[in-house]
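Some notes on the structure that comes next.
The values are calculated or read from the model by the stated rules, or taken from the named source; none is laboratory data. Only a predicted model underlies this, so the values are computations on that prediction, with no experimental measurement involved. Positions of Cβ are backbone-derived with ideal geometry, glycine not excepted, and every protein chain shown enters the neighbour counts. Surface accessibility is based on the protein's heavy atoms, side chains included, excluding ligands, DNA and RNA. Shrake-Rupley method; radii C 1.70, N 1.55, O 1.52, S 1.80 Å.
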Amino acid sequence: MSVNGNSNAFLNAEDPESITAPLISGQRSAPNSTSQVALVGANVCPIESLDYEILENEFFKQDWRSRGKMQVFQYIFMKWFLCFLVGLIVGLIGFCNNLAVENIAGIKFVITSNMMLKSRFLLAFIVFFFSNLALTLFASMITSFVAPVAAGSGIPEVKAYLNGVDAPGIFSIRTLFVKIVGSVSAVSSSLLIGKAGPMVHTGACVASLLSQGGSKKYGLTWKWFRYFKNDRDRRDLVTCGSAAGIAASFRSPVGGVLFAFEEMASWWRSALLWRAFFTTAVIAIVLRALIDVCLSGKCGLFGTGGLIMFDVYSASVSYHIADVPPVLLLGFVGGILGSLYNSLLTKVLRIYNLINERGVIYKILIACTISIFTSCLLFGLPWLASCRPCPADAAEACPTIGRSGNFKKFQCPPGHYNDLASLIFNTNDDAIRNLFSKNTDSEFHFASIIIFFVTCFFLSIFSYGVVAPAGLFVPVIVTGASYGRFVGMLVGSHSNLNHGLYAVLGAASLLGGTMRMTVSLCVIILELTNNLLLLPLIMVVLLVSKTTADAFNGNIYDLIMKAKGLPYLEAHVEPYMRQLTVADVVTGPLQLFYGIEKVGNIVHVLRTTGHNGFPVIDELPLSESPVLFGIVLRAHLIELLKKKAFVSTPVPTSTDSFKRFSSEDFAKRGSGNGDKIEDIKLNEEELEMFIDLHPFTNASPYTVVETMSLAKALILFREVGLRHLLVIPKISTRSPVVGILTRHDFMPEHILSLNPMLVNSRWKRLRFRLAPPAKLF
């Protein structure tokens with residue numbers, strides 16, 4: 001049945017060129033007319049929304065009534081047990097990642113350094129060059145051919161998922177494998193990328209796979225997991241997984257919880273806070289136990305240190321009011337640099353996407369080109385720096401012989417070191433340690449710090465877009481630390497703060513300018529550096545840098561989400577939405593069903609539309625006038641057709657029909673694993689039969705009157721976590737439902753396309769001053 005109203009599809013079916021196409025896609029063909037499209041991995045593909053609403057139909061109510069105390073206990077126990085498993089697994093993965101990177105990169109630097117000690121510089125460059133190229137080639141190939149969605153940090157995709165966007169393949173086993181192996185290989189190849197972002201995605205993958213109850217394909221399904229086959233429980237566990245990723249990356253359990261709360265999650269409650277904290281606490285214990293193993297010298301080149309722990313603590317740290325103005329200036333400039341970084345990175349990503357569209361070979365060529373360029377810079381730039389004599393009071397051996405240290409010998413004669421090589425010809429973690437180190441104010445030259453800062457700033461921008469798992473946290477930290485140390489050099493003796501502390505503040509300013517977080521970044525930096533005395537200054541720097549950068553553009557993850565076309569619902573309401581009602585944005589036609597519907601009609605609608613929810617109405621003889629009974633989901637209709645729950649006459653069925661179904665039949669499948677209408681085979685006789693939809697219809701859906709402001713409807717839609725919001729008429733009409741609001745209807749691009757008079761309004765110019773609406777492709 002079709003009446004005028006809102007289509008349940010994400011895109012206006014009458015518009016073949018949707019304004020919601022991803023910005024960084026150059027696809028010229030018309031997108032899918034039944035679903036919004038977004039760039040997921042390397043492909044433009046349709047995406048759907050998640051439904052966090054509890055579907056209160058008769059089948060659901062009877063299923064819950066049948067559960068005893070033991071089953072309720074199982075449900076509560078499994079919530080905590082899964083959090084424990086997530087913490088344990090992600091902690092092990094995080095430790096193994098760091099162990100692998102430090103050993104692979106360490107062996108590379110040891111071999112290269114040994115050759116340089118023998119003055120075999122050309123051979124050392126060849127080994128360094130081809131080892132980096134081989135590692136980059138391996139990472140890009142497995143990403144391109146096995147799981148393209150694993151490219152990048154994965155934080156934008158996880159953040160969009162927690163907002164209610166279901167992108168295909170982002171949590172698959174293949175994605176998890178490539179995220180782990182590809183990240184180790186890419187970071188070990190000396191590309192200026194980090195592993196914190198991929199660890200967030202890894203944690204989310206582990207949580208999602210556990211919440212699905214394993215995989216039927218591999219025979220890993222467990223009966224107890226059936227309670228978690230719904231979007232709401234998966235969302236909560238994925239939130240814990242994202243917190244676990246940060247906790248495992250930086251050994252920052254509290255910072256991980258705050259990161260998930262401030263940046264990732266769109267819905268938060270106290271019960272989820274407890275479970276996230278428990279998850280990160282498990283990680284802290286696991287990492288502490290594994291580090292004890294390394295203290296015995298069993299971790300190879302990983303050494304006896306603690307992951308990424310940059311200890312800059314000093315009991316003599318003191319500062320006065322005179323130290324505040326330089327810190328304020330550092331935060332202000334850091335905010336400007338952060339906004340510039342975000343702007344340049346989004347432009348580079350669009351250029352890369354245009355090249356990537358030519359084929360897989362071009363993606364791999366870009367990665368290899370960046371690797372070649374990086375190797376030449378890392379090996380060549382230290383030759384521009386002059387050798388410096390070793391300080392007489394050096395706390396460690398000078399020059400440093402081996403893979404790490406503050407005094408890299410490189411090409412220098414005995415008793416001298418190359419300060420630029422100590423930073424650039426090193427792993428990112430060791431470079432940060434050197435920049436953060438205390439009592440090293442005279443160890444680095446102005447020119448070396450400037451060269452290192454400029455190199456890191458631009459090289460990290462160009463490295464992020466390669467087709468490999470790549471994070472932004474560590475590159476931004478190392479870039480900001482070099483900027484902060486440069487400021488410390490400029491201030492010199494006029495400040496009580498040493499250059500290492502300025503490096504910490506510089507890292508905080510650039511992180512605040514790019515990622516726009518405050519509380520979580522503050523705690524992560526404190527847990528990284530083990531220096532609580534810096535808390536007031538870090539707070540000031542983050543506030544100043546974030547405020548400054550917000551005047552220019554959004555945070556980097558939001559910009560990437562927008563560029564990919566992921567329909568993220570912001571927490572705030574645009575002012576122009578209060579001028580519109582929900583009736584101004586609903587479009588048609590609307591597909592709906594009767595409470596007792598003919599099988600042939602259901603099959604026809606499912607095959608000719610991509611809608612995922614359908615209003616169910618009752619008319620005579622079940623009701624004196626047309627009345628809205630509820631909403632039924634596409635997946636449930638396919639299940640009814642699959643089990644052939646048909647009746648020969650259009651009469652209501654009894655509750656005995658429940659016996660042929662179990663709760664697992666209507667549980668949410670893993671992404672992309674649901675049944676399709678094309679797989680249902682019915683004969684002519686069956687198509688003439690009927691289905692009673694009443695027991696399987698959500699009889700208490702959220703509804704709004706057509707005169708409600710769009711702003712209020714958006715708040716309801718986002719806060720409850722809806723997928724469908726029914727619009728009913730204010731005055732009784734022939735149809736009891738006007739239309740359905742979906743996520744697409746709240747997107748600014750869609751609203752402005754339906755209401756052109758808002759395009760030139762003051763509010764619209766303010767909203768899209770630096771982020772113009774998506775271009776039509």
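Leu754 to Trp268: extension gain in nm, 0.36 nm per residue of separation minus the Cα-Cα distance?
171.7 nm
Let me know the shape class of region 511-656, please: from the alpha-carbon gyration tensor, a ≥ b ≥ c as square roots of the eigenvalues, rounded when a/c is under 1.5, otherwise prolate if a/b is greater than b/c, or oblate.
prolate
How would you rank 410-419, 156-165, highest first, on the average number of other Cβ atoms within 10 Å across their residues?
156-165, 410-419
Any idea what the dipole of region 527-590 comes to, in debye rounded to 20, about its Cα centre with Lys/Arg Cβ at +1 and Asp/Glu Cβ at -1?
Charge dipole of region 527-590: 80 debye, to the nearest 20.
Report Ile104's accessible area, 1.4 Å probe, all protein chains in place, as a number in Å² to the nearest 10.
70
Could you sort Thr581, Thr479 by their accessible area in this structure, using a 1.4 Å probe and putting the largest first?
Thr581, Thr479
With a 1.4 Å probe and all protein chains kept in place, how do Arg288, Arg358 rank by accessible area, largest first?
I get Arg358, Arg288, largest accessible area first.
Percent of accessible area on region 313-388 owned by carbon and sulfur, 1.4 Å probe?
That fraction is 73 percent.
Can you send over the carbon and sulfur percentage of the accessible area for region 69-296, probe radius 1.4 Å, protein chains only?
Within region 69-296, the accessible surface is 74 percent carbon and sulfur.
So if I place +1 on the C-beta of Lys and Arg and -1 on the C-beta of Asp and Glu, and nothing else carries charge, what would the dipole magnitude of region 554-644 be about its Cα centre? I want it in debye, nearest 20.
540
How much accessible area does Ile361 have with a 1.4 Å probe, in Å² rounded to the nearest 10?
100
If each residue of separation counts as 0.36 nm, what is the full-extension length gain between Leu365 and Ile111 once their alpha-carbon separation is subtracted?
Using 0.36 nm per residue and subtracting the Cα-Cα distance, I get 88.8 nm.
Among 50-59, 735-744, how do they line up by average Cβ neighbours within 10 Å per residue, starting with the highest?
Those peptides, ordered most packed to least, come out 735-744, 50-59.
For region 69-296, with every protein chain kept in place, what is the accessible area per residue (1.4 Å probe, Å²)?
For region 69-296, the solvent-accessible area averages 35 Å² per residue.
Using per-residue counts of other Cβ atoms within 10 Å, averaged over each peptide, order 426-436, 277-287, 244-254 from highest down.
Result, highest mean first: 244-254, 426-436, 277-287.
Using protein chains only and a probe of 1.4 angstrom, how many square angstrom of Phe84 are accessible, to the nearest 10?
We get 80 Å² for Phe84.
With a ≥ b ≥ c taken as the square roots of the eigenvalues of the C-alpha gyration tensor of region 69-296, please select rounded if a/c is under 1.5 and otherwise prolate if a/b is larger than b/c or oblate if it is not?
prolate
With a cap of 15 neighbouring Cβ atoms within 10 Å, and only residues DSSP puts in a loop, list the trypsin sites (Lys or Arg not before Pro) found in region 566-654.
Those satisfying the criteria are Lys644.
Please work out the average accessible area per residue across region 313-456, using the 1.4 Å probe convention, and give it in Å².
Spelled out: the 1.4 Å probe surface of region 313-456, per residue, equals 44 Å².
Taking the Cβ of Ile450 as the centre, find all other residues whose Cβ is under 15 Å away and add up their charges (Lys, Arg: +1; Asp, Glu: -1).
0
Mind running the shape call on region 328-442? Use the C-alpha gyration tensor, a ≥ b ≥ c as the square roots of the eigenvalues: rounded below 1.5 for a/c, prolate if a/b tops b/c, oblate otherwise.
It is oblate, given that a/c is not under 1.5 and a/b is not larger than b/c.
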